[in-house]
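Participant: The structure under discussion is supplied below as structure tokens; questions concerning it will follow.
The values are calculated or read from the model by the stated rules, or taken from the named source; none is laboratory data. Just so you know, these numbers come straight off a predicted model, no measurement behind them. As a convention, Cβ positions derive from the backbone with ideal geometry for all residues, glycine included, and neighbour counts pool all protein chains shown. All accessible areas refer to the heavy atoms of the entire protein, side chains included, with ligands and DNA or RNA removed. Shrake-Rupley method; radii C 1.70, N 1.55, O 1.52, S 1.80 Å.
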Amino acid sequence: MKIIFGTKNPAKLKQLQSTLAPLNVVVAGLPEGNWPEIAEIGKTALENAKNKAKNYAKLLHLPVISMDNALYFDQLAAEQQPGLQVRRLPHQETRATDQELIAYYSQIIASLGKEASGYWEYALSACHPDGQEYNLVFRSPRRFSATPCLAIMEGYPLESLQLEKDTGKYIAEMTEIEKEQFWQKNIGQEVQGFIKSLPNSFFLNN
């Protein structure tokens, strides 16, 4: 059985593939083609996830699952929270590069101490061309360091600032097996449960 994950971010695709590895499900990215980048103009992570899933389902004439994230730090004032605008830095019109993001959030975390706690809000939406829709929103706690590691994950640069709470190891420095275990431990229960709850009509034959 196969599901289509509507994303053009290879790191996000790998994350979902790793999270769902224990299930007998193939997670495929968008088919080859010049697919448009769906604008993230929603007011919440769920609105963005739904918009992407609906548009890609309409374009592909197939069921699609999409995901969006929002970032929050526990000790940061509400008006300073990144929220949905993780890539949109203040006073900068263009999307920030991976290096710019790491430098900016390193300063944010430093203002809170050498380390800071926070969470990612995950929103998943599964949309079928016939109009069926299933959604999930949940939070995944994180630990952040003001000192970045040297390794950078393309598409997920803030993993250079995030630590595994038990070992203190940077996510970006983990082996592929360790990353797979990390995603399964931190978001696996919610994401796997969501996928298992979907009707068979959302799955394709290999």
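Participant: Using a 1.4 Å probe on the protein heavy atoms, what percent of the accessible area of the chain belongs to carbon and sulfur?
Facilitator: Accessible surface attributable to carbon and sulfur in the chain totals 50 percent.
Participant: Please work out the Cα convex hull volume for the chain and give it in Å³ per residue.
Facilitator: Normalising the Cα hull of the chain by residue number yields 123 Å³.
Participant: Counting other Cβ atoms within 10 Å, which trypsin sites (Lys or Arg not before Pro) in region 10-102 have at most 15 and lie in a DSSP loop?
Facilitator: In loop regions of region 10-102 (DSSP not H, G, I, E or B), the sparsely surrounded trypsin sites (Lys or Arg not before Pro) are K43, R88, R95.
Participant: Shifting gears a bit: Expressed in nm to one decimal, what extension gain is obtained for the pair K2 and T167 from 0.36 nm per residue of sequence separation less their Cα-Cα distance? Write down the numbers at each step before the final one.
Facilitator: On the way: separation 165, 0.36 × 165 = 59.40 nm, distance 3.39 nm.
Length gained between K2 and T167: 56.0 nm.
Participant: Then there is this: Run the numbers on the chain and let me know its relative contact order in percent, using alpha-carbon pairs under 8 Å that are six or more apart.
Facilitator: After rounding, I find 24 percent.
Participant: Would you calculate the separation in nanometres between label points at W35 and N205, each defined as 7 Å from the Cα along the Cα-to-beta-carbon direction?
Facilitator: Output for this residue pair reads 2.2 nm.
Participant: Next question. Taking 0.36 nm per residue of separation and subtracting the Cα-Cα distance, what length does fully extending E133 through Y119 add?
Facilitator: My answer for the length gained is 2.5 nm.
Participant: What number comes out for accessible area per residue over the chain if the probe is 1.4 Å? Units Å², please.
Facilitator: 52
Participant: How big is region 84-206 by the Kirkwood estimate over distinct Cα pairs, in Å?
Facilitator: With all distinct Cα pairs of region 84-206 included, I get 16.5 Å.
Participant: Given 10 °C and 1.306 mPa s, compute D for region 1-83 with the Stokes-Einstein relation, Rh being the Kirkwood radius over Cα pairs; round to the nearest whole µm²/s.
Facilitator: Diffusion coefficient, whole number: 113 µm²/s.
Participant: Restricting to DSSP H runs of at least four residues, report the calculated mean residue ellipticity at 222 nm for the chain, -39500 (n - 2.57) per run over all residues, nearest 500 deg cm²/dmol.
Facilitator: Taking each H run of at least 4 residues, the total per residue is -10000 deg cm²/dmol.
Participant: What is the P(r) of region 161-206, as percent of Cα-Cα pairs per 5 Å bin from 0?
Facilitator: It works out to 5, 18, 22, 15, 13, 11, 9, 7, 0, in whole percents.
Participant: Which peptide among 101-113, 189-201 comes first, and what is the full order, when sorted by highest mean count of other Cβ atoms within 10 Å?
Facilitator: The densest-packed peptide leads the list: 101-113, 189-201.
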